[in-house]
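The values are calculated or read from the model by the stated rules, or taken from the named source; none is laboratory data. None of the values given here were measured: they were computed from a predicted structure. Cβ sites come from the backbone with ideal geometry, for glycine too, and all protein chains shown count toward neighbours.
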Amino acid sequence: MALKLFIPGPTVVTEDILAEMCGPMMAHRSAKATEIQKRISENMQRVLYTQNRILLSTSSGSGLMEGAIRSCTAKRAAVFSCGAFGDKWFKIAQMSGIASDLFSSTPGEPTTPEMVDAALSTGKYDVITVTHNETSTGVQNPVEEIAEVMKKYPDVVWLVDGVSSVAGAKIETDKLGIDVLLTSTQKALAVPPGMSLCAMSRKAYERTAAVPHRGLYFDLRTLWDFIDEKNYQYTSTPCLSLMYALDKQLQHIVHEEGVEARFARHEQCAAFTRAWADEYFRVYPNRRYLSKTLTVIDARPRGCADYISIPKLNEGLATLNLQLGNGYGALKDKTFRIAHMGELCLEDMKEITAAVVQVLKL
Ligand SMILES: *Cc1c(COP(=O)(O)O)cnc(C)c1O
């Protein structure tokens with residue numbers, strides 16, 4: 001029996017969504033391909049509260065991170081990082097030869113509106129990047145407050161990494177004024193890995209004209225234009241199997257569960273998991289900025305100076321067909337992570353937390 005995953009991606013995919021991937025191949029230049037991509041786009045707009053154009057990419061989320069910063073930076077990018085995934089965006093910028101500066105927060109702390117204001121007031125930047133939900137530390141950044149600051153800088157293009165929160169936490173793209181919000185399939189969307197999507201504003205699209213070398217495969221302008229030229233199709237051959245699954249899952253999210261109900265379920269799971277963590281351990285990040293899709297927990301039980309062995313914990317959990325996440329990067333052995341994203345519900349959180357107590361004999 002497969003392990004039930006409580007890791008922050010890939011997340012558990014339901015049987016009916018997995019089955020969609022076995023659908024027959026079709027021409028990717030057919031009316032049917034248009035119909036599927038169009039329906040994915042329309043449902044995704046509802047998940048993201050946006051009228052912006054939805055672009056698809058046959059790549060994991062990192063591909064669109066690269067595409068977004070390459071396509072939109074004409075001058076210089078300010079990369080705000082509060083953990084490993086923010087750092088990754090900076091690495092992408094450096095390796096792509098994009099002029100950029102890194103603004104880091106202490107681990108467990110958020111990117112603040114003050115940091116953004118201070119950087120942008122220099123006038124040096126035409127792009128900023130923010131991680132909505134930092135999966136390595138369990139911080140959800142205060143994008144509503146950052147949005148207030150961004151109103152002062154209408155010429156700056158705002159890129160947001162929502163890989164581990166889109167479809168799990170509410171992000172009102174248009175109200176906030178986010179220019180590119182990107183995500184991938186294998187986390188809160190609960191589809192197998194391999195595709196990513198973003199919502200792109202016209203302002204970001206217009207910016208791309210000022211950037212001469214945007215690459216090709218991840219060029220957001222090429223992806224955008226192709227939707228007009230070929231009526232909602234993809235520039236090369238997309239992973240059709242994943243599109244079948246994504247199409248079906250988005251119909252489920254929007255029309256069966258409902259986006260608001262989905263967000264409420266995640267909140268309920270988050271509240272339960274945090275309360276449990278408080279009882280036996282301690283949540284790792286600053287409590288004012290807790291993620292809604294995963295809880296990162298300090299791996300020292302209450303009243304105990306030593307870290308538990310997370311590999312041993314997972315060995316014990318595996319006998320119950322369960323798996324949780326170890327820490328990420330520098331926090332690998334110091335924290336563990338319980339994801340409550342995708343299709344997991346309160347009963348599942350009760351199951352994993354009770355199992356941790358049982359295995360560790362807490
Ligand atoms: C997982 C993750 C990524 C990387 O996404 P891939 O789809 O694995 O490329 C980027 N940012 C965040 C916040 C993530 O959680």
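Only one residue in SER136, SER165 is touching a Phe, Trp or Tyr at 6+ places or on another chain (Cβ under 6 Å) and within 25 Å of ARG265 (Cβ to Cβ), so which one is that?
Checking each option against the conditions leaves just SER136.
All conditions in (1) away from the ligand (no atom under 16 Å from the Cβ); (2) among the aromatic types (Phe, Trp, Tyr); (3) in contact with an Asp or Glu (Cβ under 6 Å, 6 or more places away or on another chain) hold for TYR280, with the sole exception of (3).
Does ARG39 count as touching a Lys or Arg at 6+ places or on another chain (Cβ under 7 Å), away from the ligand (no atom under 16 Å from the Cβ) and touching a residue at least 40 places away in the same chain (Cβ under 8 Å)?
Taking the combined requirement at face value, the residue does not satisfy it.
Given the stretch 1-90, what helices (runs of 4 or more DSSP H) lie entirely inside it while holding 2 or more residues that are under 19 Å from the mean Cα position of the chain (by Cα)?
It comes to 31-48, 61-72.
Listed by first and then second residue, the pairs linking a residue in the stretch 47-71 that is of a type in the set (Asp, Glu) to a residue that is surrounded by fewer than 24 Cβ atoms within 10 Å (Cβ to Cβ) and modelled with pLDDT of 95 or more, with Cβ atoms under 6 Å apart and 6 or more places separating them unless they lie on different chains, are GLU66/ILE92; GLU66/PHE218. Of everything in the stretch 303-334 that is in a loop (DSSP other than H, G, I, E, B) and acidic (Asp, Glu), the residue that is surrounded by the fewest Cβ atoms within 10 Å (Cβ to Cβ) is ASP306. It is to be established whether one or more residues within the stretch 88-99 are within 16 Å of the ligand (Cβ to nearest atom), buried (at least 21 other Cβ atoms within 10 Å of the Cβ) and of a type in the set (Lys, Arg). No, the conditions are met nowhere in the stretch 88-99.
Applying the criterion of at least 1 residues that are away from the ligand (no atom under 16 Å from the Cβ) and within 27 Å of SER30 (Cα to Cα) to the helices (runs of 4 or more DSSP H) found wholly in the stretch 172-243 leaves 202-208, 220-229. If only residues of the stretch 224-245 that are within 25 Å of SER71 (Cα to Cα), touching a helix residue (DSSP H, G or I) at 6+ places or on another chain (Cβ under 7 Å) and of a type in the set (A, V, I, L, M, F, W, C) are counted, the one that is surrounded by the fewest Cβ atoms within 10 Å (Cβ to Cβ) is TRP224.
A residue that is among the aromatic types (Phe, Trp, Tyr) and either within 16 Å of the ligand (Cβ to nearest atom) or in a loop (DSSP other than H, G, I, E, B) (or both) cannot be found anywhere in the stretch 100-112. The lone criterion from (1) under 23 Å from the mean Cα position of the chain (by Cα); (2) closer than 18 Å to PRO10 by Cα; (3) not aromatic (Phe, Trp, Tyr) left unmet by ALA261 is number (2).
Looking at the stretch 104-139, which of the residues that are farther than 23 Å from THR295 by Cβ and within 18 Å of the chain's Cα centre (by Cα) is surrounded by the fewest Cβ atoms within 10 Å (Cβ to Cβ)? By that ranking, first place goes to ILE128.
Quick check on my filter: what residues within the stretch 119-136 are more than 10 Å from the ligand (Cβ to nearest atom) and either at negative phi or among the polar types (S, T, N, Q) (or both)? Of everything in the stretch 119-136, those that are more than 10 Å from the ligand (Cβ to nearest atom) and either at negative phi or among the polar types (S, T, N, Q) (or both) turn out to be ALA119, LEU120, SER121, THR122, LYS124, TYR125, ASP126, VAL127, ILE128, THR129, VAL130.
Of all the numbered requirements in (1) buried (at least 18 other Cβ atoms within 10 Å of the Cβ); (2) within 16 Å of the chain's Cα centre (by Cα), PRO142 misses one, and that requirement is (1). May I ask you to verify whether LYS152 is within 12 Å of the ligand (Cβ to nearest atom), touching a residue at least 12 places away in the same chain (Cβ under 8 Å) and either touching a Pro at 6+ places or on another chain (Cβ under 9 Å) or under 23 Å from ALA74 (Cβ atoms) (or both)? Judged against the criteria, LYS152 is not a match.
Among the residues in the stretch 6-17, are any in contact with a Phe, Trp or Tyr (Cβ under 7 Å, 6 or more places away or on another chain), on the phi < 0 side of the Ramachandran plot and among the hydroxyl-bearing types (Ser, Thr, Tyr)?
no
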